[in-house]
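Structure record follows, encoded as C-alpha cells.
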Amino acid sequence: MNRIKKVIFLSLLVSLGLALSIIESSIPVPFIAPGAKLGLSNIMILSTLVVFGFKEAFAVAVIKSITFALATGSFSGLFYSLSGAVLSVIVMYIIYTYFNSFFSLIGISIFGAIAHNFAQISVASIMLENIMIFSYLPVMSLVSLFTGYFVGLSSKLVCQNLNRTYVKVFK
C-alpha cells in the first residue's frame, strides 16, 4: 500500500509541476532576456529530489516535460525542455549529494538553473547548426542567478511542508 501512496504522491507533484509550467508559459516576461522563464516547475523537481531522491526527481522531471509538450502541443519545445530537465536534475543531485555542506537549496537551485540553460542552448546550437548561440549563455547564466534563487527559496519552504505532509500520509 505504501508504494501506491508514493506513486500517487509523485503524480501529484508532476501535476503541480505541469500546472506551474502552464501558468508560467502564459505569463509574459518582458523584463527578462528573450526565452528566459522563471522555472516555477523546478520547485517541484527540486523538492522531489530532496524529499524522495534522484530516481523520483528524474521521473517527475521527464514526465512533466512530456506532459507539458502534450498539453501545449509544443513538440519542438520538448527537446529543449527534456534536455534541460535531465541535465538540471543530474547536476542538482550531484551538488545535493556531494556538496550539500557548501551549498543550500538556493545554491543547488542556481546550479540547476545554469545547467538547464546550458542544456537548452546546446540543443539550440545543434538544431540550428550555429555555435554562436553560446554567446547568449552569459546572459542566461546571469538570469539563472535570480530565477535559481527564487526557485531555491521556494523549494526550501515547500520541502519543509512536504516532509510533514509525507510523514502524515505514510503513518
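Checking each residue in the range 71-90 for being more than 15 Å from Ala124 (Cβ to Cβ) and either in contact with a strand residue (DSSP E or B) (Cβ under 6 Å, 6 or more places away or on another chain) or modelled with pLDDT of 90 or more (or both) picks out Ala85, Val86, Ser88, Val89, Ile90. Scanning the range 49-63 for residues that are in a helix (DSSP H, G or I) and closer than 21 Å to Asn163 by Cβ turns up Leu49, Val50, Val51, Phe54, Lys55, Glu56, Ala57, Phe58, Ala59, Val60, Ala61. Being in contact with a Ser or Thr (Cβ under 8 Å, 6 or more places away or on another chain), surrounded by 17 or more Cβ atoms within 10 Å (Cβ to Cβ), in a helix (DSSP H, G or I) and without any contact (Cβ under 8 Å) to a residue 24 or more places away in the chain is a description that does not apply to Leu46. Against the test of being within 12 Å of the chain's Cα centre (by Cα) and hydroxyl-bearing (Ser, Thr, Tyr), the options Thr147, Thr97 yield a single qualifying residue, Thr147. Cβ-Cβ contacts under 6 Å between residues 6 or more apart (or on different chains), taken from a first residue in the range 64-78 that is without any contact (Cβ under 8 Å) to a residue 60 or more places away in the chain to a second residue that is β-branched (Val, Ile, Thr) and surrounded by 13 or more Cβ atoms within 10 Å (Cβ to Cβ), are listed as Lys64/Val14. Can we say Phe111 is of a type in the set (Phe, Trp, Tyr) and surrounded by 20 or more Cβ atoms within 10 Å (Cβ to Cβ)? Answer is yes for this residue. The set of residues in the range 137-164 being buried (at least 19 other Cβ atoms within 10 Å of the Cβ) and aliphatic (A, V, I, L, M) consists of Met140, Val143, Val151, Val158, Leu162.
For every residue, the table says whether it meets (1) more than 26 Å from Ser47 (Cα to Cα); (2) of a type in the set (Ser, Thr, Tyr).
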{"site": "Ala119", "(1), (2)": "no, no"}
{"site": "Leu128", "(1), (2)": "yes, no"}
{"site": "Met132", "(1), (2)": "yes, no"}
{"site": "Tyr136", "(1), (2)": "yes, yes"}
{"site": "Ser154", "(1), (2)": "no, yes"}
{"site": "Leu157", "(1), (2)": "no, no"}
{"site": "Lys168", "(1), (2)": "no, no"}
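The set of residues in the range 131-170 that are more than 19 Å from Ser88 (Cβ to Cβ) and free of Cβ contacts under 8 Å to residues at least 24 places away in the same chain comprises Ile131, Met132, Ser135, Leu157, Gln160, Asn161, Arg164, Thr165, Val167, Lys168.
For the range 69-107, give me the residue count where each residue is outside any helix (DSSP H, G or I), surrounded by 13 or more Cβ atoms within 10 Å (Cβ to Cβ) and aromatic (Phe, Trp, Tyr). Counting residues in the range 69-107 that are outside any helix (DSSP H, G or I), surrounded by 13 or more Cβ atoms within 10 Å (Cβ to Cβ) and aromatic (Phe, Trp, Tyr) gives 1.
The values are calculated or read from the model by the stated rules, or taken from the named source; none is laboratory data. What you are looking at is a predicted structure, and each value in this text was computed from that prediction instead of being measured. Methodologically, a virtual Cβ is constructed for each residue, glycine included, from the backbone with ideal geometry; neighbour enumeration extends over all protein chains shown.
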